[in-house]
Amino acid sequence: MNRIIHAALLACACVLAAGAALAQQPLRIGVVTFLSGPAAGPFGVPARNGFELVAEMTNAGQVPAPHNTKGFGGRPIELVIIDEAGGPQKQVAEFRNLAQRVDVVIGYISSGDCLAIAPVAEELRKLTVLFDCGTPRIFEDATYKYVFRTGPSGTMDNVSAALYALERNPNIRSIAGINQNYAWGQDSWTDFEAAMKALKPGIEVKTSQMTKLFAGQFGAEISTLLSSGADLVHSSFWGGDLEGLVLQGAPRGLFQKHLVVLSAGEPAINRLGARIPDGTIIGARGPFGPFAPDNDLNRWFKNAFQERYALPPNYAAYKATNALLGLKAAYEKAQKAGAATPNQDQIIAAFENLSFDGVGGQVRMALGKGHQAVMDNAIGTAKTVGGQLTIVDLKRYPAERVNPPEGLKSEAWIKSGLKK
Amino acid sequence: MSNFAAVVFDGVVYSSWLFLMAAGLTLIYGVMRILNIAHGSLYALGAYTAASLGGAWIAAGYAPAGSFAMLALAVLLVGAVMGPLIERGLLKWMYGKDEIVLLLVTYAVFLILEDAIKLVWGVESKLFSEPYALPGNFAIGALVYPVYNLVLIAVAVVTGLALSWALYYTRQGKLLLAVIHDREMSAAMGINVDRVYLATFTLGAMLAGLGGALTAPMIAVSPGIGVEVIVLSFAVVVVGGLGSLGGAALGALMVGLARSVAVRYWPEGELFIIYFVMALVLIARPKGLFSAPEARKI
């Protein structure tokens, strides 16, 4: 009898030990971000830096409350970072390999990559957190169980820009656009144009320039914009195209003659500084960078990033951090629900409709049946003071004001007049 | 009227830039029968070198006007270092092989150089805009343009004229034309074809570097800029006729003006117009506008 009891005790001890060992095994997180190509400099590398810094500090328990537990509820995390370059087809193949090596995937800056990866993640039943891509189509055109997005969609960038521009300049009568000729640029212009028309019926569109991605030179386009007579020029340019537009447009008076809106202009602040003319309206794809609220989490992140990389974090780094913190919050919520080492389904259940404190403020997984984040948004105006570019007249919009309600597509919501 | 003048001027500026790129590409093809895909990387190298040298010049506190000298130095460096390095180090061992093999070799060089650029300069873009704003502005009607655009046009015109003069009115140029016409016969007549190849590739590399160095002040010099250039230059060279300098000039002008007109009056067609022009020309003249008649060999 004693032998049976001893054997049972031993078996129990083994099971407990195995559980403890599993809890101490690192959670492997696949991270996909641009490490090469034109998107690496403005987005991919700052995002990678954010991931690495925050993963390291999370494991050390150095993130402020409410994320101050070590690792994910005591379990260390380990990053496996791969390059997003190469286009959607390559990324799908990379994802299939990565999914076998990691517990969770966080990634994707390009909207094209996100649209391609989401159905594959669903097919492979691999928890995947999209952190940056902007297209609202991900959760408006499909429903996913395994896919989440902790970054707000691009809709709120352009709705906020339209609201802000008209609040500050109610006499705007005509608009023009210069955007990159692919999903991001086209969607941005469609949203902005529709929002301006909804907010001010009768507004005239003078010209819409759709340039080849990474064209770099915009002499003829700037001439057309300057001749158009438009009161406002909208651009969702990013990276080298954005910098080129400012470098070529500023000496020609583009920014003096028109009110210019750069809806994704924030990453250029650190790069161009005072070269961005005063009066330019700048967005950051959310309340990130200089638009982030002044709280403990944000101060910690800004200081830690600046100290490590000698540069302030831009919005890509903020969104990378939010993805990690969101996953951590979901993991720990699942633990509180009773699972010491939550499995994927338990993490997913905890992630749906989750609210967590991010580095740019509160993130609520409120759209896409609890899989798509919304955040308040902030937008402001560039002004150089003492040789340093600053953001003035900063305006915050509540998430409900600049995002569609659950169940309504962005385009239909904008055309309905942004009804609450 | 001022709108039309602006469209023409924008077209000519873009054509000038295209010509600088296409001239080197067509020259190398004409003499060596190599469609040099690495031309795009040499352009990028010119831009990065100019941005680095110019940036260092400005950072050291020297007179901003001297940054133009840095552009020239970048051109010389790219031409003098990369030209002989690629030609002597690699292409020399490939002569006589099929044109497709040589194209693939230059494509490999392109890939290597693209990664080498990332290794040396990183993935952040480089900014060197001082020469762009320095000469000031001028106006066409109500539109303001940087004088730098005139510099670009002047450099393209002078380069075109100098190349034409060198090709048709100097002994070395005539030797080069002989090699273009029939390399075997030229070799048999005692022309040092090997040396002509080296000189041609170095000159071509220098022209690519010139295009890159002159573009650097206008753009954010960032990874991947060489890809766009090689595609556009190829379109221009095909329109003009592979190997023809005059063809490259006319092709650049046609493509540049067509693009400028499209941007102003038909923005949706801007992506398509360049290749539309190319298709139209190739339908009418499958070997391009100025393709040289091939020597008949018996």
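Data table
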quantity	calculated
Residue satisfying condition, being surrounded by 15 or more Cβ atoms within 10 Å (Cβ to Cβ), away from chain A (no Cβ under 14 Å) and out of contact with any Gly (no Cβ under 7 Å at 6 or more places or on another chain), within set B:Leu134, B:Leu91	B:Leu91
From B:Ile100, B:Ile112, B:Ile58, B:Ile117, residue being surrounded by fewer than 21 Cβ atoms within 10 Å (Cβ to Cβ), closer than 19 Å to B:Met218 by Cβ and of a type in the set (Val, Ile, Thr)	B:Ile58
Some residue of region A:70-86 being surrounded by fewer than 21 Cβ atoms within 10 Å (Cβ to Cβ), without any contact (Cβ under 8 Å) to a residue 40 or more places away in the chain and in a helix (DSSP H, G or I)	no
Scan of region A:235-247 for residues that are facing chain B (nearest Cβ under 10 Å) and under 20 Å from A:Gly134 (Cβ atoms), ordered by number	A:Gly239, A:Gly240, A:Asp241, A:Leu242, A:Glu243, A:Leu245
Residue among A:Ala274, A:Ala268, A:Ala323 that is at pLDDT below 95 and buried (at least 24 other Cβ atoms within 10 Å of the Cβ)	A:Ala268
Hits in region B:22-46 - residues which are hydrophobic (A, V, I, L, M, F, W, C), under 12 Å from the mean Cα position of the chain (by Cα) and in a helix (DSSP H, G or I)	B:Ala22, B:Ala23, B:Leu25, B:Leu27, B:Ile28, B:Leu42, B:Ala44
Test: A:Val63 is outside any loop (DSSP other than H, G, I, E, B) and open to solvent by less than 10 Å² (accessible area, probe 1.4 Å)	no
Matching residues in region A:158-195 - criterion: being more than 14 Å from chain B (Cβ to nearest Cβ), open to solvent by less than 30 Å² (accessible area, probe 1.4 Å) and polar (S, T, N, Q)	A:Asn158, A:Ser160, A:Ser174, A:Ser188
Members of region B:138-154 found to be more than 13 Å from A:Ser223 (Cβ to Cβ) and either open to solvent by 60 Å² or more (accessible area, probe 1.4 Å) or of a type in the set (Gly, Ala, Ser) (or both), listed by number	B:Leu150, B:Ala154
Index of the failed condition, A:Phe356 passing every other in (1) assigned to a strand (DSSP E or B); (2) open to solvent by less than 40 Å² (accessible area, probe 1.4 Å); (3) on the phi > 0 side of the Ramachandran plot	(3)
Odd one out for A:Ile109 among (1) surrounded by fewer than 18 Cβ atoms within 10 Å (Cβ to Cβ); (2) farther than 30 Å from A:Asp231 by Cβ; (3) within 14 Å of chain B (Cβ to nearest Cβ)	(1)
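Here is a yes/no grid of residues against (1) at the interface with chain B (Cβ under 9 Å from one of its Cβ atoms); (2) in contact (Cβ under 8 Å) with a residue 40 or more places away in the chain; (3) not in a strand (DSSP E or B):
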{"residue": "A:Val205", "(1), (2), (3)": "no, no, no"}
{"residue": "A:Phe214", "(1), (2), (3)": "yes, yes, yes"}
{"residue": "A:Glu221", "(1), (2), (3)": "yes, yes, yes"}
{"residue": "A:Ala230", "(1), (2), (3)": "no, yes, yes"}
{"residue": "A:Val233", "(1), (2), (3)": "no, yes, no"}
{"residue": "A:Gly273", "(1), (2), (3)": "no, yes, yes"}
{"residue": "A:Gly279", "(1), (2), (3)": "no, yes, yes"}
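The values are calculated or read from the model by the stated rules, or taken from the named source; none is laboratory data. Small disclaimer: the values here were computed from a predicted structure and weren't measured. Cβ: placed from backbone, ideal geometry, glycine included. Neighbour counts: every protein chain shown. The accessibility values were calculated without ligands, DNA or RNA, using every heavy atom of the protein model including side chains. Shrake-Rupley method; radii C 1.70, N 1.55, O 1.52, S 1.80 Å.
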